[in-house]
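Working notes, beginning with the structure itself.
The values are calculated or read from the model by the stated rules, or taken from the named source; none is laboratory data. These numbers were taken from a predicted model, which means no experiment stands behind them. No Cβ is skipped: glycine too gets one built from the backbone with ideal geometry, and neighbour counts run over all protein chains shown.
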């Protein structure tokens, strides 16, 4: 297990260092179209080949890592915070606040949010800087992603409210903030951690899907999501392993997070 | 008891009415509500285009749409699709069975495998297993849903499996982590100290205690399955409600979208009420 | 013994299956057909079904681009271009057994021209105010008079499927090679062979050869390609360049490139006076020099080579060179010349400071190109144009939008700067584009519904397209249209980018295929197609 | 041989947790049959770790035990999981500190008791209910149907603790490990439970490893006291009758031991 953890740390470290020094490791212009060599296989000039417009895949992957890997965890944190705030409070308070919150959550889960995103895009100026629109995209994703987790957390909190761990903790004089941090948060941690792990790849992919509403990462800025969209016509992949590099990286990073964050030993 | 059920039902009805209003507003306010792709067809006269849009323009006034919709819905008439011209109730009748089968099998399979793997990691006490199942979960989360749908068509596998692939990671992660937490609870240690074996621990001391949380997970996976079915059905060309939802979203088909929202809301609320059926496991002392 | 009989039974089942499938053509529709009523057809899936089921009086031969007789044995257009007279075939029956006569033609025309019916098919005949007069001369002869001359009147009848005036089945009684047998919404449309179809082949065998056609509703083009490779479907009418390339690499015997098509991909700038765009930007977009400079700075051959994988040709104007009769052969391909483009811009008061192009007032040139999201080729073209124009110092933002939002922006709110879209030209005759060039029309996309032409060249365009519509002389009409093409070439209200190639793919088990660049490319001669 | 003088449990273990090394460092303990050994120490000194490592349940807390745990002549660390399981509850019982959460909240008390019996015993349900009734009365609890049908939320803390004890001694184990069994109880209940332990020890001859930080209660029932500080045994003393009665000064001294390092 220790080895696994060391590997996980190493993977995350290497990936983030590569992203940080993307310009040093590859061609600094991720947007330049080498039009003589579109869709090329790896070569000494382009270590991971080029994409359909002849842009260097390696630098696009690295710059994309920088964007996706810094923003997706932030969005995940936003949605976790919202979920634990809303679900936790509702479950903790019980009674009608809980019932109303849960009704809102149910409603939230079935509303056609696509249209809200479309409305948001129509409010955004067409010439918004690519980076701004990425930020807004991830922010929106974080804000819309809490409902499912809030339900689980609420059930959890309700059990906690009625458990005598709380009673006992109260009896020993813990209250307020201390109760929250000492008892409640550690108890919620597994669920929050699950939510975090689920959200990261989901957010990275949703960003790509929002691209088709005009709210994703705008051209020519790269992101993992837009690289992963290439998988959608995967029948062309026979033997072209280099097109799977962003996908492999994403899986590696999330698995590393999993290894790193799962402290609990499970056994019976 | 009867009163409680009545209040509960009323709450559900109010929730759905609000849902209807919000979704109608969202659709109506979305850009492109008034437009029609045939507006670009230079062969058509302005008259014809106006006629093509007539159904949609009748719904322009949101409040009057809302009032007529509810009035008609009370008489069992859900209106007519503005894009397809067919009664909404008929559209739903034609397609509900397909979605029920796809989502049902996907849910059963996804939840089944998710819980099974979660229990397996719990019982086998091997963190290697967790890493394996967790990585499978990560892998299926990282594949774009369009690619997933395509893979399943390529392998000629039923679409239910694609939905299961979407649900499994979520169920596995939540269930496994709740399981881990429950495992370290004192009553499990007591049971272990009694000499109980792992299966007995699972069946008598973990599942009943976590039933609420597990049902909450099953509940949210219903809404997950429904939203996954939109993408999967429209990509795989399965004539279900998900495909209808996507087509209507593109066409800004207000009556269909509003009805579908209500339908999804009913299913979601019912699914999520599952976890409320189980009383909180630990009641405060003093009764 | 038991095993042997089991094998025989299995074999028989297999043969029966193979037999049943042998005469069935399978292909995909990309969306749900919206109607089965031939006069209400607007969308492509409905049009496919109309084409396969509808019997028409005259048909445009998609290979020779000439008219040929079908239900009408001969026809005559009057000198003023308002009246057409048909002589019809005798002893023809609808698919349900109802006999066919001139009354059915009269009924169809009346239905189509009924203002309350809002028939899109009828729009092609609505040239002026007034009523359409039909005159049934005999059961096999009819003349139809329109209130105003209709440009290439006879060719328009290619779109008119004759409906029965008396059949209880209404529009489901058809004269075409197939009739609608089964429809499962969202899943498939099944057409069966029309036993009453009138046409016979040279050896006297009744057509069509195929027993049935199964049209599967399948919006996903990747899956469509996959199904073709597997043999689940037999035909892809128009396949996109990327799938074509993949298929060509794996199974070259399936693919067919018919060359440059009539469809154009183009971009245009927003020239609407009341558009919510800054005034200084409007001034750029309304400057011919600016538009021409942009046009010249776009590397069209790169667009064809990279965005379309070589399966497209640089476009010259509204008429594709593939349209041999109507294309103005004097026009030369627009040369890629960024230096000349810059000079032209400098002549218009722009100057390049550092890496940035600025207008006279010092505003940096920055604009956005919107296009419909999900269209890979347009997104690619926009991104390539982004880099091409960066060489002039222009900053271009690419914004993909979902289709309804895009249409709302370009037809209602005019909240856009430039747009990249494609227009399909179904018609061989450019008269179908008339609404695009008339400045008062809603389809005059760069500046719709002008009260009066806002520029002299738009006034000239108005005059030319009206003149060609009035004239019955093909040579005269060609001259007018040549001038239209020259004006569009010089003023670039539309910046034409590429003409896609007409690409199709079909199984080697199909015989009698004659793919064409005109729609429907592969099955236009459906009655003589057979499946081995 | 007198049973009183044979050694029941002797251990010498070191324990590491995944995130903390040296939780127990070479701890030696010896427990004779029928003896009550008090294990005292501050919270965090590793008392509960000893309890869990004897039952080989340390992996629940992600810990590993090394060394020797000799119980009735067998080294527990060498046993298979199956052998260990047949030992738990039958020969070694465990009582945890928070009685309300140590009982399964969704099962009735009767069901949990029956479960505890059935794991290690054959026989019909008559025998089972007899044993349960007998054991419940020996811990001064009612054994009517109504009580057995209750859940943990419907009984008091003191009752819950008695149920736990009843469950632990159902099979008359030779060793009972009580991990801070009285810390959640009020003073009156505490005294009652302590009496109960003493009674069980005398009547059934069950040896008790009594873990606590409460010196008074330890002094009240134990034969010997071991003091655990930061994972090491620092003192092991017998408690004489004399000390038990006039113990204040001595206990104060012990407190010093516990607090100093």
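Among what's in the range C:242-266 and is within 19 Å of the chain's Cα centre (by Cα) and within 14 Å of chain B (Cβ to nearest Cβ), pick the residue that is farthest from residue C:450 (Cα to Cα).
Looking at residues that are within 19 Å of the chain's Cα centre (by Cα) and within 14 Å of chain B (Cβ to nearest Cβ), I get C:262.
Look through B:112, B:106 and report the one residue that is more than 14 Å from every other protein chain (Cβ to nearest Cβ), surrounded by fewer than 15 Cβ atoms within 10 Å (Cβ to Cβ) and more than 25 Å from residue B:23 (Cα to Cα).
Just a single option satisfies the conditions, and that option is B:112.
Residue under question is residue A:204, and the condition is that it be surrounded by fewer than 23 Cβ atoms within 10 Å (Cβ to Cβ), within 19 Å of residue A:113 (Cβ to Cβ) and modelled with pLDDT of 80 or more; does it hold?
no
What do you reckon, is residue B:35 under 22 Å from residue B:249 (Cβ atoms) and either part of a loop (DSSP other than H, G, I, E, B) or in contact with a strand residue (DSSP E or B) (Cβ under 6 Å, 6 or more places away or on another chain) (or both)?
yes
Select the helices (runs of 4 or more DSSP H) contained entirely in the range A:1-99, then report the ones holding at least 2 residues which are in contact (Cβ under 8 Å) with a residue 60 or more places away in the chain and within 14 Å of another protein chain (Cβ to nearest Cβ).
A:2-20, A:57-93
I want to confirm something. Restricting to the range D:55-75 and keeping residues that are in a helix (DSSP H, G or I) and touching a helix residue (DSSP H, G or I) at 6+ places or on another chain (Cβ under 7 Å), which single residue is modelled with the highest pLDDT?
The residue in question is D:58.
When the range B:168-195 is examined, which residues are found to be closer than 18 Å to residue D:92 by Cα and more than 9 Å from chain A (Cβ to nearest Cβ)?
B:186, B:187, B:189, B:190, B:191, B:193, B:194, B:195 - these are the residues of the range B:168-195 that are closer than 18 Å to residue D:92 by Cα and more than 9 Å from chain A (Cβ to nearest Cβ).
Tell me whether the range C:169-179 contains one or more residues that are touching a strand residue (DSSP E or B) at 6+ places or on another chain (Cβ under 6 Å) and within 14 Å of chain B (Cβ to nearest Cβ).
no
Do we have residue B:274 as away from chain C (no Cβ under 14 Å), surrounded by fewer than 19 Cβ atoms within 10 Å (Cβ to Cβ) and closer than 30 Å to residue B:91 by Cβ here?
The answer is yes for residue B:274.
Tell me which residues, restricted to the range A:79-100, are surrounded by fewer than 20 Cβ atoms within 10 Å (Cβ to Cβ) and within 27 Å of residue A:137 (Cβ to Cβ).
Those that are surrounded by fewer than 20 Cβ atoms within 10 Å (Cβ to Cβ) and within 27 Å of residue A:137 (Cβ to Cβ): A:81, A:82, A:85.
Does the range B:141-159 include one or more residues that are modelled with pLDDT of 90 or more and within 8 Å of another protein chain (Cβ to nearest Cβ)?
No, the range B:141-159 contains no residue that is modelled with pLDDT of 90 or more and within 8 Å of another protein chain (Cβ to nearest Cβ).
For the range C:203-241, give me the residue count where each residue is away from chain B (no Cβ under 14 Å) and not in a loop (DSSP other than H, G, I, E, B).
Residues in the range C:203-241 being away from chain B (no Cβ under 14 Å) and not in a loop (DSSP other than H, G, I, E, B): 6 in total.
Tell me which residues, restricted to the range C:225-236, are under 15 Å from residue C:246 (Cβ atoms) and surrounded by fewer than 23 Cβ atoms within 10 Å (Cβ to Cβ).
C:226, C:227, C:229, C:230
When only residues in the range D:58-92 that are within 8 Å of another protein chain (Cβ to nearest Cβ) and without any contact (Cβ under 8 Å) to a residue 12 or more places away in the chain count, which is surrounded by the fewest Cβ atoms within 10 Å (Cβ to Cβ)?
Filtering first and then ranking leaves D:59.
Scan the range C:243-264 residue by residue and report those that are buried (at least 18 other Cβ atoms within 10 Å of the Cβ) and either in contact with a helix residue (DSSP H, G or I) (Cβ under 7 Å, 6 or more places away or on another chain) or without any contact (Cβ under 8 Å) to a residue 60 or more places away in the chain (or both).
C:243, C:246, C:247, C:248, C:254, C:255
Out of the residues in the range C:357-366 that are closer than 28 Å to residue C:265 by Cα and in contact with a strand residue (DSSP E or B) (Cβ under 6 Å, 6 or more places away or on another chain), state the one that is surrounded by the fewest Cβ atoms within 10 Å (Cβ to Cβ).
C:364
Would it be correct to say that residue B:237 is at pLDDT below 90 and within 22 Å of residue B:19 (Cβ to Cβ)?
no
Condition first: modelled with pLDDT under 85, over 14 Å from residue B:28 (Cα atoms) and buried (at least 16 other Cβ atoms within 10 Å of the Cβ). Now tell me which residues in the range B:60-85 satisfy that.
B:83, B:84, listed by residue number.
Out of the residues in the range C:372-389 that are more than 9 Å from every other protein chain (Cβ to nearest Cβ) and part of a helix (DSSP H, G or I), state the one that is nearest to residue B:40 (Cα to Cα).
Ranking the qualifying residues of the range C:372-389, first place goes to C:378.
Of the residues C:419, C:436, C:398, C:465, only one is more than 20 Å from residue C:272 (Cβ to Cβ) and within 11 Å of another protein chain (Cβ to nearest Cβ); which?
C:398
For residue C:349, indicate whether it is free of Cβ contacts under 8 Å to residues at least 40 places away in the same chain and not in a helix (DSSP H, G or I).
It is true that residue C:349 is free of Cβ contacts under 8 Å to residues at least 40 places away in the same chain and not in a helix (DSSP H, G or I).
Name the residues in the range B:211-245 that are more than 9 Å from chain C (Cβ to nearest Cβ) and either without any contact (Cβ under 8 Å) to a residue 40 or more places away in the chain or outside any helix (DSSP H, G or I) (or both), would you?
Within the range B:211-245, B:227, B:230, B:245 meet the criteria.
Within the range A:238-248, can one find any residue that is part of a helix (DSSP H, G or I), within 23 Å of residue A:192 (Cβ to Cβ), facing chain B (nearest Cβ under 10 Å) and at pLDDT 80 or above?
no
Looking at (1) outside any helix (DSSP H, G or I); (2) in contact with a helix residue (DSSP H, G or I) (Cβ under 9 Å, 6 or more places away or on another chain); (3) at pLDDT 90 or above; (4) farther than 30 Å from residue C:358 by Cα, which one does residue C:408 not meet, given that it meets all the others?
(1)
Among the residues of the range B:184-205, write down those that are within 30 Å of the chain's Cα centre (by Cα) and in contact (Cβ under 8 Å) with a residue 60 or more places away in the chain.
Once the filter is applied, which keeps residues that are within 30 Å of the chain's Cα centre (by Cα) and in contact (Cβ under 8 Å) with a residue 60 or more places away in the chain, the range B:184-205 yields only B:202.
The conditions are (1) buried (at least 19 other Cβ atoms within 10 Å of the Cβ); (2) touching a residue at least 40 places away in the same chain (Cβ under 8 Å); (3) within 24 Å of the chain's Cα centre (by Cα), and residue C:221 fails exactly one of them. Which is it?
(1)
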